[in-house]
Amino acid sequence: MRSRWVVLAMLVAALAFVAAGCGGDDDGGSAGGSEDITGDVSIMAIWGGAEQESFEAVIAGFEELYPNVNVTYTSGGDNLAPLLSTAVEGGNPPDIACIGQPGLMAQFAEQGAIQPIDDLRDTIVDNFGEAVADVGSVDGTQYAVMFKAANKSTIWYNVASFEEAGVEPPQTWEELGEVATTLDAAGITPYSVGVDVGWPITDLFENVYIRTAGPEMYDQLVNHEIPWTDQSVKDALMEMQSIFGASSNLVGGTSEALQTDMPTSVANVFSDSPKGAMVIIGAFAPGVVTDNPLEPVTGYDVFTFPSIDGSGSAAVGSGDLCVNFQTSEGATAFLEYLTTPEAAEIWIARGGFSSPNRNVDEAAYTDELERATATGLSEAETFRFDASDLMPSAFGGTPGQGFWKGMTDFVANPNDIDGVTQQLENAANQAYTN
Amino acid sequence: MSESAATAEAPTRGLPPQDEGPGFFQRYGVTLVFLLPALTLLTVWIVYPTIRTIIRSFYDRSGDDFIGFENYRTLFTDDTLLTAIKNNLLWLLIVPFFVTAIGLVFAVLLERIRFSVAFKIVVFMPMAISLFAAGVIWRLMYEKDPSQGTVNAAIAVVADAVSPSGVLASAQPSTEQVTAASDGALVLERPLEPGGVAQLGLTGIRASDVPDDAVQAVVPEPLAGGITGVVWRDFTPGGGTSGEVGEEELGLPGITVELRSEGGGSRAAQATTEADGTFVFDDVGSGAHQVAIGAATFSEPYAGVSWLGQSLITPAIMMAYVWVWAGFAMVVIAAGLAAIPRDLLEAARTDGATEWQVFRRVTVPLLMPVIAVVFITMLIYVLKVFDIVIAIAPGSVQDDANVIALAMWRTSFGGVNDFGLGAAIAVFLFLLVIPILALNIRRFRREV
């Protein structure tokens, strides 16, 4: 009899332990003044590998200023958007997340998942200017600090390959075609393309489109005010055929390019025995190659995406917007820290980082190429945020769907422009109405 | 005494027994207490989510509007999802069969040899790693480039032996005067009379690929009664003038040049180029001839099968999956095999049956229950396949390799964020698995 009750008591106790373990965690309380700020701050972003180490150095700088705040960083990788969406749906998001898509940020703002940071607006405008500050706001309310920016209108090349073929970086799209032909004649594959899940090709499309159709039509396309079957889209794709039309232009041919991911495509160029001469990718390229054997300027170099039919200088860029899911003193302090030039300079010194912060000391860029691409972004006549990041994420941010899939299908079948544009339009119709 | 006995034996009709023997809780109380944790967990984590998912599938993306069967209609009209369903059907038809068959073959064959345990361990080892890790391994093995992908490297050994790559695999003509013939050779269009000089400029050759003994190309003097010419790398850094032998342009030695009768066709003679790229055909006779570089010079090195391309991706993933699970099938069937009485097989053999007949008529029917277990288990697992697909398929073909579980994940969490549609897909998958589960349960009941 008694042993039965003992067993029962043990079972109840076990259940109680399980229930306690399942309960949510409690954030550490925060106390008064700025020096006494304590607590835990959790951060998520896409940065992994070398970039993660650099961001953790930035965090270390913060922890020196606020020694009682414990910051933990988790990398979400390319799956950051779904990870965050799930966490929000489950009611358990990180305190801060740095996301690359303003569209996703707007979605979170509408859901009420992220908190406004209007108090920081003045600091942000002082450091970054109105235009960049506005990227981080939705309907006039400030939600984000744009910490890291990337100039996506760049083309990187292998210096030795260019010297072997005797070519110079081109200024116009036509010259780029001639450079590719000459490289091919010299037996060097002109382009190293990593189609990956499709987003590198969306960047290429945006660079071409903003030059062939202009910034106003770019904005219209982003908002789906003109259809994807519009002639301007087809014209841009026809220009891209000069790259993708011939399989011999790409390292490994079209089929290999379709299976190559972005870091591999960059490593193919940044190599002592390069497989390709040029890679069309944003200014973050040097940062994604581990064990880069080449030196800047002597080994690898960069030129601005060339103008097409006399278009003015235009820059397509992206940035990481740091938003606040759960307010706490530690989180607010961290976001404020991110607006300071000192935070940016920590990562700048490590390379592979471009800051939109105007107050950053340009001499901090140890790499003259990085300095060039960073100023290229701020000094371009026209600046637009990366279109696929502005679109609803079902269309502009999902592997295997929408814009990303349209571009991979275009590379696989560069002659089927009508089919690809119709497919894009169908997917856009679904994504934009929801 | 007798009264209470009487009342105990004949309970009054219509009234619930009061204090009649042990009550419900006393009889089942302990059982309930032991079952309670498991029941709670099951309810919280399986029953409740299932019901909520079914309800959620009738609502739209945001969860606020009731849309009835709209999500299910999307499920059967959307291209992406239809591909996923079609792929899963293929998986269902092909993979369980192959896994069971290969497992059966291994179990039967490995039974009779020495060190059978060692072999069985080797075959079973893939089960020790997660499906995702297996996917990563096979992703690397399926690389198209034969110098990187194991599978293509193995095929390349055979392919290169059959058709070795030519000396100048990537070369292209530098001018329009040299064109590609139907057999792959490069032909100088203009026919030459005796005393003519042929110039065959080639580009697309890396400077480092030119043989070491090459020297500056020269245009040879015409030879009376014969035809001379030069094959050279027609490229100067910066482009140069194509069609003319420029400074620093090297000749290509060791190339086999053919002399063909006019209009292509039969090969009259062959010559090999010298260090400066020149070649000579003495005494060609009258009439015009064409000069060509044979197709064998340009045969490309084996490029590799595109396992991760659109058409082969699903078979490729299936092969990796079979590699992982064949071991499981083998082990289970081997256990069943061990339970078969050997004298039955002996009896069949003495009756004059061949090994194959013994296998087909005696072993397999006796193994049927075990084979059924393996087959049905694989059916269920294949319906849910997810991690190996996401590990192997590169981004550009994830749509072609799509399966229902992956489509559900993408729809709900992978960027589309349409939880209603994702719930509908989950319910659909659930409905697919139910018949197989019912089959399994019926079998269990029958066995008991």
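The values are calculated or read from the model by the stated rules, or taken from the named source; none is laboratory data. Remember, predicted model here, so these are calculated numbers, not experimental data. So basically every Cβ, Gly included, is an ideal-geometry build from the backbone, and we count neighbours across all protein chains shown. Ligands, DNA and RNA are stripped out before the accessible areas are found, and what is left, the full protein with its side chains, is counted by its heavy atoms. Shrake-Rupley method; radii C 1.70, N 1.55, O 1.52, S 1.80 Å.
Remarks
- Histogram of C-alpha separations across chain B, 20 Å bin width, %: 17, 29, 25, 21, 5, 3, 1, 0
- Of the residues making up the stretch A:369-399, those losing 30 Å² or more of accessible area when the isolated chain is joined by the remaining protein chains, with a 1.4 Å probe, are A:Ala394, A:Thr398, A:Pro399.
- For chain B, calculated [θ]222 nm from helices alone, where every DSSP H run of n ≥ 4 adds -39500 (n - 2.57): -15500 deg cm²/dmol
- Chains A and B, summed buried accessible surface - 1.4 Å probe, Å², nearest 100: 3300
- Counting Lys and Arg as +1 and Asp and Glu as -1 over every other residue whose Cβ lies under 14 Å from the Cβ of A:Ser307, the net charge comes to -4.
- Charge sum, other residues only, whose C-beta stays under 15 Å from A:Gly112's C-beta, Lys/Arg counted +1 and Asp/Glu -1: -4
- Shape box of the stretch A:322-396 [Cα atoms, principal axes, largest first, Å]: 38, 35, 20
- Surface analysis of the stretch B:252-313 yields an accessible area of 43 Å² per residue, using protein heavy atoms and a 1.4 Å probe.
- Choice from B:Leu344, B:Leu110, B:Leu90 showing the highest fluctuation, given a GNM over chain B with Cα pairs closer than 10 Å: B:Leu344
- Modelled this way, with points 7 Å down the Cα-to-C-beta line, the labels at B:Phe97 and A:Met238 are 4.9 nm from one another.
- In nm, spacing of pseudo-spin labels at B:Asp64 and A:Glu295 (7 Å Cα→C-beta vector): 6.1
- Lys, Arg +1 and Asp, Glu -1 on Cβ, resulting dipole of the stretch B:104-190 about Cα centre, debye, nearest 20: 600
- In this structure, A:Asp118 and B:Ala207 have a Cβ-Cβ separation that, at R0 = 60 Å, corresponds to a calculated FRET efficiency of about 0.45.
- The distance linking the stretch A:86-100 with the stretch A:271-317 is 33 Å (Cα centroid to Cα centroid, whole angstrom).
- Label zone at B:Glu193 (point 7 Å along Cα-to-Cβ), backbone N below 20 Å, the stretch B:266-289: B:281-289
- With protein chains left intact and a 1.4 Å probe, residues in the stretch B:116-182 average 58 Å² of accessible area per residue.
- Summarising the strand pairing of chain A, around 55 percent of its internal DSSP beta bridges are antiparallel.
- For the protein assembly as shown, with +1 on Lys and Arg beta carbons and -1 on Asp and Glu, the positive-most of B:Thr77, A:Gly61, B:Gly229 along the dipole: B:Thr77
- Candidates B:Ala316, B:Ala153, B:Ala128: whichever shows maximal mean-square fluctuation once chain B is modelled as a Gaussian network with Cα springs under 10 Å: B:Ala128
- Burial order of peptide ranges B:219-225, B:321-327 (average beta-carbon count within 10 Å, highest first): B:321-327, B:219-225
- Close amide H partners of A:Thr398, meaning residues 5 or more places away or on another chain with modelled amide H under 5 Å apart, are A:Trp404.
- Shown is the FRET efficiency for B:Thr43 and B:Ala338, computed with R0 = 41 Å from the Cβ-Cβ distance and rounded to the nearest 0.05: 0.50.
- Pairs of Cα atoms nearer than 8 Å and 6+ residues apart set the relative contact order; for chain B it is 23 percent.
- Pairs of Cα atoms nearer than 8 Å and 6+ residues apart set the relative contact order; for the stretch B:134-237 it is 20 percent.
- Paramagnetic label zone (point 7 Å from Cα along Cα-to-C-beta, B:Lys384; backbone N under 18 Å) in the stretch B:410-430: B:410, B:423-430
- Net length available on complete extension from B:Thr50 to B:Ala296 is 82.1 nm, with 0.36 nm assigned per residue and the Cα-Cα distance removed.
- Here r is the Cβ-Cβ distance between B:Ser261 and A:Asn413 and R0 is 41 Å; the resulting FRET efficiency, rounded to 0.05, is 0.50.
- Contact order relative to length of chain A, as percent, for alpha carbon pairs under 8 angstrom and 6 or more apart: 24
- Distance between the modelled labels on B:Glu355 and B:Ile129, one decimal in nanometres: 3.2 nm (7 Å Cα→Cβ projection).
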